[in-house]
Each structure stands twice: as structure tokens, then as C-alpha cells.
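Please read the structure below before turning to the comments.
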Amino acid sequence: MSATPSTPVVTVDADGHVLEPRDTWLEYIAPAYRARAIRIDHDSQGLEVLLIDGKPLEAVRGRLAGLGGVEMDPTELLTTGRYRYEEGCPPGSWDPAERLRILDQEGIDIALLYPTIGICWEGHVQDPKLAHAYTEAYNRWLCDFCGHDPKRLVPIMHLNLLDVDLAVKEMHRAHAAGCRGIYISPDMYARGRRRFDDPALDPFWSAAQELGLPVAFHVVVRDQPTTSYADPLDDTNGARFGLFNFAFLAIDVMAAFTELLTTGVLERYPRLKVTVLESGANWISAWLDRLDHKFEVMHARTILKMKPSEYFKRQCLVSADPDETITAEVVKHVGAQYFVWASDYPHIDASMGVVREMRERLKPLPAADQRLVLGDNALRFYGLAH
């Protein structure tokens with residue numbers, strides 16, 4: 001009797017990106033907000049600027065091509081100011097047919113897609129209706145993009161929490177249009193400095209839970225410093241703080257995840273699903289150990305009823321990066337069912353050939369565990385068919 005052929009491994013990129021065409025918001029925003037749409041222009045020195053409600057985002061002045069730039073020279077993109085935004089945008093970042101060709105080239109079956117310009121504006125907008133108009137415009141464009149092949153190109157809606165009622169309204173609309181998950185900024189400025197356990201946010205968590213839509217945290221670009229340590233505008237040539245600020249972006253995501261977990265949101269919404277993106281995954285084992293230990297000390301002063309690691313394992317996934325060196329050991333320690341992976345294509349710190357790299361990183365694991373991390377966990381968590 002011949003052997004039964006093995007089932008092909010499904011490979012899901014849990015955090016790919018688009019690079020929105022410069023006219024996305026001009027074309028898709030509600031007419032009442034067109035004059036305030038996100039757009040790209042030039043300053044008096046001829047440098048490209050990203051205008052958010054008419055005001056420039058200083059962190060990317062003259063460096064908009066660096067929002068993309070996969071496999072380009074980062075020194076050129078981030079220092080010269082001579083590259084246009086589109087020069088950092090490979091066709092696969094804005095053309096769905098070309099994106100499918102890239103997926104085939106890389107050996108990726110499905111890509112979950114997140115914004116790029118969309119991760120730049122939230123902390124700079126405090127008008128809730130304008131923020132809603134920005135997210136709705138992007139979500140409409142993204143659904144059109146993914147409509148080219150909705151089984152392989154999966155839209156993740158962008159929501160803003162300044163006005164929770166508007167966020168819930170857009171959640172239902174975008175879900176009906178095909179979005180399979182939610183991206184929210186980890187930045188407190190983006191939610192009016194409210195904590196995640198603020199009762200005003202309860203309708204958002206409730207709706208995400210009822211619709212079964214995973215909520216993801218992702219790094220953001222902004223002018224405001226993350227903490228007293230990080231300042232994206234300090235020494236704009238990057239010689240002193242450029243590396244520090246770039247690396248420190250992950251702390252936003254780690255902090256938002258920790259806040260959500262420790263303030264009891266997962267306790268109150270036991271079916272809410274959360275994905276932790278672009279902070280790597282090798283830290284998660286040590287951090288859960290630390291949280292569990294502090295929980296034992298602080299159990300009389302917390303509303304949590306279980307160890308933090310138990311909430312994580314009940315409701316969360318974390319995304320591994322291809323460049324991490326001990327992923328297999330961390331997966332062994334925590335459990336393969338809690339990990340996905342991401343390409344971050346087409347950003348400046350991404351590269352091609354990442355599926356081969358991830359497979360190499362996961363080689364020490366049993367084949368069944370490799371399948372979980374490479375794609376099966378994402379299929380299950382996001383309810384995707386393949």
C-alpha cells in the first residue's frame with residue numbers, strides 16, 4: 001500500500017503591510033472631510049511631508065520613502081531626502097496582483113494586511129469624527145485592494161478609540177465588508193489617554209468579542225516621545241537616538257499588551273482574542289514568568305483571578321520575527337499553539353526570503369508544531385479557510 005501524501009503546510013503571514021497610495025484619503029474619505037484628508041506634499045525646502053489635518057509629521061519629513069524600502073539602502077532612504085514616497089513603494093505594496101506574485105515567490109499562502117501611513121497619524125488627531133473618517137476611508141480602500149483575492153489577501157480593519165460608538169459602528173461595517181481582524185494603536189494619545197479598562201471602552205471590547213475579531217497591537221510612528229527615554233525628534237539625523245528610538249518602538253506594543261492583561265480586560269471578556277505584533281516573540285516567555293511571579297506577590301491587590309500566563313494562553317497569540325535566534329526554544333517552553341510569524345513586508349527593516357528563514361528557525365521543533373506556527377494558528381485564530 002502506498003503511503004498517504006502528507007498535507008501541504010499552510011503558510012500565513014500574520015503581519016504584512018500595504019503602502020497606501022498618496023491619494024488614498026483624498027479618494028476614499030467622506031466628502032465633508034476631504035479638505036482635511038491625509039496627503040503628501042512638499043515643504044519650502046522641497047522635502048516631502050506627510051500632512052495630517054494639514055500639519056506635518058516631523059518624524060518622517062524628507063524620509064517618506066523609508067516607510068517602505070524593502071531591500072533598498074536604508075542609509076540613502078533615511079538621510080538624503082531625495083527619494084519620493086513612491087520610490088520606496090514596491091509594486092506589491094499597492095498593486096494586489098503584484099502582491100500575489102510576491103506571495104507566490106516567497107511561498108506564502110495568505111497574508112493578513114495592515115496599514116503603513118495608517119500607523120503614523122493617530123496620536124496627532126484628537127478630533128474623534130476626523131479620526132473615524134480616516135479609518136473608514138482606509139478600510140474601504142483596503143477592502144477594495146483585498147477584493148482582488150479575498151482568500152489570500154485578508155484585510156485587517158483599522159479602528160480608532162477616541163469615539164467608541166463610531167469605532168463600533170465602523171467595526172460592524174468593515175466586518176461585513178470582509179475584514180477579519182482589528183488593528184488599534186498601542187499609543188495612549190490615540191485613545192484620549194484612557195486606560196484599556198476604562199468603562200467607556202467596554203462597548204468596543206464587547207463588540208470585538210461577539211464578532212470574534214482578534215484585536216492586534218502594532219508599533220506606531222509619531223512625534224511624541226514614548227517615554228522620557230525615547231524622543232523621535234531628538235537629533236533628527238539619527239546619530240544619537242535613531243537606533244534607540246527604532247528599537248524602542250516595540251516597547252509600545254509590549255506595554256499595551258501588559259496593560260490590557262493586568263487591568264482585567266481579558267478577565268472581563270474571556271472570549272476576546274488578542275494578537276501581539278512587531279515586538280518579536282522571544283521576550284514573551286521571560287515576561288510571562290515575571291508577570292506570574294509578581295501576580296503571586298500582588299494577588300490581593302489585583303482583580304485577576306488567574307495567572308497572567310493563563311490569560312495569555314486562553315486568549316492571545318504573539319508574532320515571531322524571522323531574525324530572532326531562539327524562537328524554537330521559546331516556542332517549546334510556552335507552547336506552539338500561541339505563536340504566529342510575520343514578514344513585515346515591505347518595510348525598510350523587512351527582507352525577502354523570510355519563509356525560508358522562519359522554516360530554518362523552527363527546524364528543531366516537531367513537524368506538527370512547525371505547522372502551527374507557520375500557518376495553522378493564524379487559520380484557527382482568524383477563522384480563515386484554506
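Nothing in this text is a laboratory measurement; each read-out follows from the coordinates by a stated rule. Just so we're clear, the structure is a prediction, and the values are computed from it rather than from any experiment. Here Cβ is always computed from backbone atoms with ideal geometry, including for glycine, and neighbour counts include all displayed protein chains.
Across the range 291-386, Cα pairs under 8 Å and at least six residues apart give a relative contact order of 25 percent. Under 5 Å from the amide H of ALA216 lie the amide H atoms of ILE182, TYR183, ILE184, THR275, each residue being 5 or more positions distant or on a separate chain, with H modelled from the backbone and absent for Pro and chain starts. Of all lysines in the structure, those lying under 23 Å Cα to Cα from LYS169, and not within fewer than 8 positions of it along the same chain, are LYS129, LYS273. A simple rule links phi to the HN-Hα coupling: the Karplus curve 6.51 cos²θ - 1.76 cosθ + 1.60 with θ = phi - 60°, which for the range 265-281 gives 4, 6, 5, 7, 10, x, 10, 5, 10, 10, 10, 10, 10, 6, 10, x, 10 Hz, with x for Gly and Pro.
Per residue of the chain, the DSSP helices (runs of n ≥ 4 H) give a summed -39500 (n - 2.57) that works out to -10500 deg cm²/dmol at 222 nm. Considering only ALA336, SER309, MET358, and ranking their Cα positions along the charge dipole of the range 298-358 that arises from unit charges at the beta-carbon of Lys, Arg, Asp and Glu, the one farthest toward the positive end is SER309. Of all beta bridges DSSP finds with both residues in the range 1-127, what is the antiparallel percent, to the nearest 5? Percent antiparallel among DSSP bridges in the range 1-127 is about 60.
Under the rule a/c < 1.5 gives rounded, and otherwise a/b versus b/c splits prolate from oblate, where does the range 36-150 land using the Cα gyration tensor?
Numbers: a/c = 2.55, a/b = 1.19, b/c = 2.13.
Note, shape of the range 36-150 comes out oblate.
Among DSSP beta bridges whose residues both lie in the chain, state the antiparallel percentage, nearest 5. Kindly include the intermediate steps, with their values, before the conclusion.
Working: 6 of 28 bridges.
Antiparallel bridges: around 20 percent, rounded to the nearest 5.
Apply the a/c threshold of 1.5 to the C-alpha gyration tensor of the range 267-386 and tell me whether it is rounded, prolate or oblate. Judged from the Cα gyration tensor, the range 267-386 comes out prolate (a/c at least 1.5, a/b above b/c). About the centre of its Cα atoms, the chain shows a dipole size close to 1140 debye [charges on the beta carbon of Lys, Arg (+1) and Asp, Glu (-1) only; nearest 20 debye].
Compare the peptides 357-369, 60-72 by average per-residue count of other Cβ atoms within 10 angstrom and give them in order, highest first.
Details: 357-369: 15.8, 60-72: 21.8.
Per-residue Cβ counts within 10 Å, averaged per peptide and sorted highest first, yield 60-72, 357-369.
Along the range 327-340 the Karplus relation, 6.51 cos²θ - 1.76 cosθ + 1.60 evaluated at θ = phi - 60°, assigns HN-Hα couplings of 4, 4, 5, 5, 4, 4, 6, 8, x, 5, 6, 10, 10, 10 Hz to successive residues, with x for each Gly and Pro.
Let me spell out the model: positive unit charges on the Cβ of Lys and Arg, negative unit charges on the Cβ of Asp and Glu, origin at the Cα centre of the range 26-104. What dipole size does that give, in debye rounded to 20? List each step's numbers first, then the result.
Values: 10 positive and 14 negative charges, 69 e Å.
In total the dipole reaches around 340 debye.
A protection proxy built from the mean count of other Cβ atoms within 10 Å ranks the segments 110-121, 127-138, most packed first, as 110-121, 127-138.
Find, to one decimal place in angstroms, the Kirkwood hydrodynamic radius of the chain, where the mean of 1/r is taken over every pair of different Cα atoms and then inverted. Provide the component values of the computation, followed by the final result.
Numbers: mean 1/r = 0.0469 Å⁻¹.
Over the chain, the inverse of the mean reciprocal pair distance is 21.3 Å.
Remark on HIS17: its backbone amide H falls under 5 Å from those of TYR114, TYR345, a criterion applied only to residues 5 or more positions apart or on other chains, H modelled at 1.01 Å from N. Taking θ as phi - 60° and the Karplus parameters 6.51, -1.76 and 1.60, the scalar couplings of the range 367-373 work out to 4, 5, 6, 4, 4, 4, 5 Hz in sequence order, x denoting glycine and proline. The alpha carbons of the range 146-214 stretch over 38, 22, 17 Å along the principal axes, in descending order. Relative protection proxy for 89-100, 153-164, 213-224, 296-307, from highest mean packing down: 153-164, 213-224, 89-100, 296-307 (other beta-carbon atoms within 10 angstrom). Here the range 231-386 is assigned +1 on the Cβ of each Lys and Arg and -1 on the Cβ of each Asp and Glu. Its dipole about the Cα centre then comes out at about 860 debye.
Residues whose amide H lies under 5 Å from that of VAL340, counting only those 5 or more places away or on a different chain, are VAL318, SER319, ALA320; hydrogens are built 1.01 Å from N in the peptide plane.
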